[in-house]
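Asks: First the structure, which I've put down as structure tokens, then a few questions once you've had a look.
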DNA sequence: GTCAAGACTTGATATTGATCAAGGAACCCG
DNA sequence: CGGGTTCCTTGATCAATATCAAGTCTTGAC
């Protein structure tokens with residue numbers, strides 16, 4: 001990236017960012033936003049499949065996805081990975097380092113992605129004087145916890161069919177929240193990543209997509225998904241605490 | 001409980017509490033501790049199987065287990081429950097309310113239990129003037145997130161054998177941390193609860209315990225567990241991020 | 001444009017762990 | 001102390017999903 005491009009990117013402040021209402025700045029006053037903005041680092045974009053951090057790396061910032069997508073995951077000695085979450089534009093990741101000051105999981109991009117870094121020590125200092133920021137951070141942290149809890153329920157109690165339906169509904173509601181179509185979107189992740197997120201085999205993901213298509217509940221072609229029957233998807237999920245994650 | 005007993009219990013300050021080094025007060029100075037202590041509510045003990053909060057209840061405090069044990073869980077429409085975590089003395093629960101101000105999961109006691117309530121609005125105010133408290137809360141929240149992540153890896157990628165081994169190691173290390181034996185302890189939860197935590201059937205839990213006993217890895221009688229071969233248990237867990245949860 | 005590598009799909013078979021069923025042990029209550 | 005209830009264990013069978021094995025489609029590199 002050229003110096004000119006870099007400068008241009010840096011100029012996109014939180015205040016001008018279309019995602020600010022989903023992101024850390026939500027609920028802040030103009031003055032507060034300006035103070036926060038001064039600290040935010042905006043790294044350049046990265047390609048797909050680039051690692052952002054890994055276990056043992058120093059935790060120095062929360063990250064916010066601006067464009068593209070990120071997965072966080074753990075691995076077993078044997079190599080299998082468990083995807084902990086997919087992070088779409090406006091969503092935060094990297095909180096796993098808060099316990100020890102070192103990250104405990106991996107974070108990698110799903111596609112060409114740009115993201116902001118919100119330095120932890122700066123945020124900590126601002127928390128002292130900006131109650132709204134403190135509350136927004138608590139809100140985001142609580143959201144992460146609840147998303148993990150919904151994911152635990154999915155992995156522990158749902159059948160493969162229910163898991164895939166939950167997954168589609170979650171992605172759909174998150175696209176909708178950002179102003180995109182809830183029924184027609186492009187999945188940013190591979191079948192393999194979906195399988196690792198849902199704790200099932202890739203082959204099963206493939207078969208289940210086909211089964212949903214055969215029942216005219218969805219139309220799927222590669223990564224393009226069209227939801228034809230949202231009610232049917234909702235009925236498949238017997239989950240009593242389903243919400244946007 | 002009589003008034004006299006209640007008063008006596010209230011007098012057990014954080015400073016005098018043997019668990020304070022595991023709990024919220026960790027790392028605070030004497031002066032800070034006194035300020036915090038003034039706000040802490042110490043409800044009386046409750047029996048086993050008592051609900052502490054449920055989804056929709058107002059979130060007004062973090063809770064810290066003093067004696068006994070607590071489980072937090074979600075349920076599906078069909079009734080199955082997924083246990084999100086077991087909380088032993090010195091451990092915190094109730095953070096799930098931070099997102100919306102309402103709890104999202106259930107919390108219930110496993111046995112006769114006493115716990116403290118740490119009012120959220122008071123903690124928030126103290127955070128403004130006590131950086132150490134702020135950091136300790138971040139540490140605890142990060143710990144919760146990491147515990148959930150380890151649990152996700154367990155549910156998504158481990159076999160039933162590995163899950164039970166992970167569970168025993170987790171409980172063992174937590175007893176050890178509190179100064180008790182790591183190899184001989186009484187499980188505070190039922191087989192059913194273990195099954196709901198591990199995402200497997202009760203019958204499977206029973207069979208796996210027997211199998212571990214037949215291999216002379218553990219000795220188990222009702223809820224009394226003796227670990228005979230800790231190395232064997234560790235080897236069963238191919239998890240690369242295993243730590244005390 | 002062609003080739004190679006990777007991603008995805010589809011089919012056949014295997015296996016883990018669920019479910020169904022029953023009996024035994026501990027515990028609570030009167 | 002006795003009887004019922006719940007918890008736990010054990011056995012037999014079944015089903016969901018993993019695994020193994022090809023084969024096809026995409027995509028990117030040269």
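Asks: Among the strands (runs of 3 or more DSSP E) contained in region B:94-192, which hold 1 or more residues that are surrounded by 19 or more Cβ atoms within 10 Å (Cβ to Cβ) and free of Cβ contacts under 8 Å to residues at least 60 places away in the same chain?
Replies: B:106-109, B:184-186
Asks: For region B:183-218, give me each residue that is away from DNA strand C (no atom under 12 Å from the Cβ), touching a strand residue (DSSP E or B) at 6+ places or on another chain (Cβ under 9 Å) and more than 14 Å from chain A (Cβ to nearest Cβ).
Replies: Of everything in region B:183-218, those that are away from DNA strand C (no atom under 12 Å from the Cβ), touching a strand residue (DSSP E or B) at 6+ places or on another chain (Cβ under 9 Å) and more than 14 Å from chain A (Cβ to nearest Cβ) turn out to be B:183, B:184, B:185, B:187, B:188, B:189, B:209, B:210, B:212, B:213, B:217, B:218.
Asks: Does residue B:82 qualify as being within 18 Å of residue B:148 (Cα to Cα) and within 16 Å of DNA strand C (Cβ to nearest atom)?
Replies: Numbers: within 18 Å of residue B:148 (Cα to Cα): yes; within 16 Å of DNA strand C (Cβ to nearest atom): yes.
Here the answer is yes, as residue B:82 does meet what is asked.
Asks: State all residues of region B:129-153 that are within 16 Å of DNA strand D (Cβ to nearest atom) and either on the phi > 0 side of the Ramachandran plot or within 17 Å of the chain's Cα centre (by Cα) (or both); if no residue qualifies, say none.
Replies: Of the residues in region B:129-153, the ones within 16 Å of DNA strand D (Cβ to nearest atom) are B:152-153.
Once the filter is applied, which keeps residues that are within 16 Å of DNA strand D (Cβ to nearest atom) and either on the phi > 0 side of the Ramachandran plot or within 17 Å of the chain's Cα centre (by Cα) (or both), region B:129-153 yields only B:152.
Asks: Next question. For residue B:245, all conditions in the list (1) away from DNA strand C (no atom under 15 Å from the Cβ); (2) surrounded by fewer than 19 Cβ atoms within 10 Å (Cβ to Cβ); (3) modelled with pLDDT under 95 hold save one; what is the number of the exception?
Replies: Among (1) away from DNA strand C (no atom under 15 Å from the Cβ); (2) surrounded by fewer than 19 Cβ atoms within 10 Å (Cβ to Cβ); (3) modelled with pLDDT under 95, the lone unmet condition for residue B:245 is (2).
Asks: While we're looking at this one, here's another question. Can you find a residue that is away from DNA strand D (no atom under 14 Å from the Cβ) and more than 17 Å from the chain's Cα centre (by Cα) anywhere in region B:214-221?
Replies: Checked region B:214-221: at least one residue is away from DNA strand D (no atom under 14 Å from the Cβ) and more than 17 Å from the chain's Cα centre (by Cα).
Asks: Here's something else I'd like to know. Got a number for residues in region A:69-88 being at pLDDT 95 or above and part of a loop (DSSP other than H, G, I, E, B)?
Replies: So the count comes out to 2.
Asks: Scanning for something within 27 Å of residue B:85 (Cβ to Cβ), within 8 Å of another protein chain (Cβ to nearest Cβ), touching a helix residue (DSSP H, G or I) at 6+ places or on another chain (Cβ under 9 Å) and crowded, with 17+ Cβ neighbours inside 10 Å, does region A:86-93 turn up at least one residue?
Replies: Within region A:86-93, none of the residues are within 27 Å of residue B:85 (Cβ to Cβ), within 8 Å of another protein chain (Cβ to nearest Cβ), touching a helix residue (DSSP H, G or I) at 6+ places or on another chain (Cβ under 9 Å) and crowded, with 17+ Cβ neighbours inside 10 Å.
Asks: Residues A:161, A:149, A:143: which one is within 16 Å of DNA strand C (Cβ to nearest atom) and either out of contact with any helix residue (DSSP H, G or I) (no Cβ under 6 Å at 6 or more places or on another chain) or at pLDDT 95 or above (or both)?
Replies: A:161
Asks: Here is a follow-up. Given the criterion over 23 Å from residue B:198 (Cα atoms), within 17 Å of the chain's Cα centre (by Cα) and away from DNA strand D (no atom under 16 Å from the Cβ), identify the matching residue among A:118, A:110, A:126.
Replies: Details: A:110 fails: away from DNA strand D (no atom under 16 Å from the Cβ); A:126 fails: within 17 Å of the chain's Cα centre (by Cα).
Going through A:118, A:110, A:126 in turn, just one is over 23 Å from residue B:198 (Cα atoms), within 17 Å of the chain's Cα centre (by Cα) and away from DNA strand D (no atom under 16 Å from the Cβ): A:118.
Asks: When you check residue A:157 against the structure, is it in contact with a strand residue (DSSP E or B) (Cβ under 6 Å, 6 or more places away or on another chain) and within 30 Å of residue B:120 (Cβ to Cβ), yes or no?
Replies: Values: in contact with a strand residue (DSSP E or B) (Cβ under 6 Å, 6 or more places away or on another chain): yes; within 30 Å of residue B:120 (Cβ to Cβ): yes.
Yes.
The values are calculated or read from the model by the stated rules, or taken from the named source; none is laboratory data. Not measured: the values here are computed from a predicted model. All Cβ positions, glycine included, derive from the backbone under ideal geometry; neighbour counts span all protein chains shown.
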